[in-house]
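What follows draws every value from the coordinates through simple rules; no lab data is involved. Computed from a prediction, not measured in an experiment: that's the story for all the values here. Glycine gets a Cβ as well: all are built from the backbone with ideal geometry, and neighbour counts include every protein chain shown.
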Amino acid sequence: MDITQTRIQELIKDLSHRNEDVRWGAAFTLVRIGLPAVDQLIPALDDKDSVVRLRAAWALGQIGDQRAVNRLVYTLRDGDWAVRMRAAEALGKLRAHKATDALLLTLRDEKPDVRRHALAALTRIADPGSADRLGDSLKDPDWRVRMGATLALSAIGDQKSLGYIEVATRDENEFVRKIAEAVLRKREGEHPSK
């Protein structure tokens with residue numbers, strides 16, 4: 001085993017260090033190492049320690065290697081909501097189109113923060129086929145989730161998505177309404193009526 005692989009193993013062990021600065025330092029160093037760390041980070045998503053799983057998911061998203069997509073999709077079902085949140089975030093950074101269906105299912109997660117991160121990932125992916133499920137998220141009880149759904153629909157920008165955004169202009173929350181109105185104004189400015 002070469003020195004880089006040994007160093008990567010040491011850093012992965014440090015992901016569970018009792019000192020938070022050491023944990024995040026290890027994660028940042030793994031990101032700087034980049035692609036050579038991916039093969040050892042992917043199995044870290046199965047670690048018994050949720051702190052390791054969380055930081056491994058984060059690092060994989062930062063590195064941006066598509067080899068991690070399938071395992072990150074599986075991690076969307078992790079028992080720890082913070083790990084699920086980081087997995088969704090990583091899939092967004094990877095712009096993993098093949099993760100769209102799994103991210104859409106994550107919009108049913110019990111934790112609003114997980115739903116919000118799934119929406120942020122779907123915003124980066126901008127798959128027109130997801131418009132109806134995103135439209136359903138405009139009924140979410142958490143206004144931040146509804147705002148995320150509005151932004152994800154905006155990223156798609158087709159007629160169906162704009163129809164859902166029109167609905168969001170009547171949301172009970174002022175921030176959601178303002179975002180929806182701004183999206184529609186911008187769209188009108190880009191495509192004025194003839």
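Key figures for this structure:
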quantity	calculated
Ranked list, fewest to most other Cβ atoms within 10 Å of each Cβ, for VAL31, VAL114	VAL31, VAL114
Calculated FRET value between GLU174 and ARG95, using beta carbons and R₀ = 30 Å, to 0.05	0.45
In sequence order, calculated HN-Hα J values of region 44-50 (Karplus, 6.51, -1.76, 1.60; Hz; x Gly/Pro)	5, 5, 9, 4, 5, 8, 4
Relative contact order (percent, whole number), region 126-194, Cα cutoff 8 Å, 6+ residue spacing	27 percent
Over 20 Å between alpha carbons, listed pairs LYS93/LYS139; LYS139/LYS178; LYS93/LYS186; LYS13/LYS111	LYS93/LYS139; LYS93/LYS186; LYS13/LYS111
Exposed GluC sites (Glu not before Pro) absent: longest stretch of the chain, with sites in DSSP loops and at most 14 other Cβ within 10 Å deemed exposed	1-109
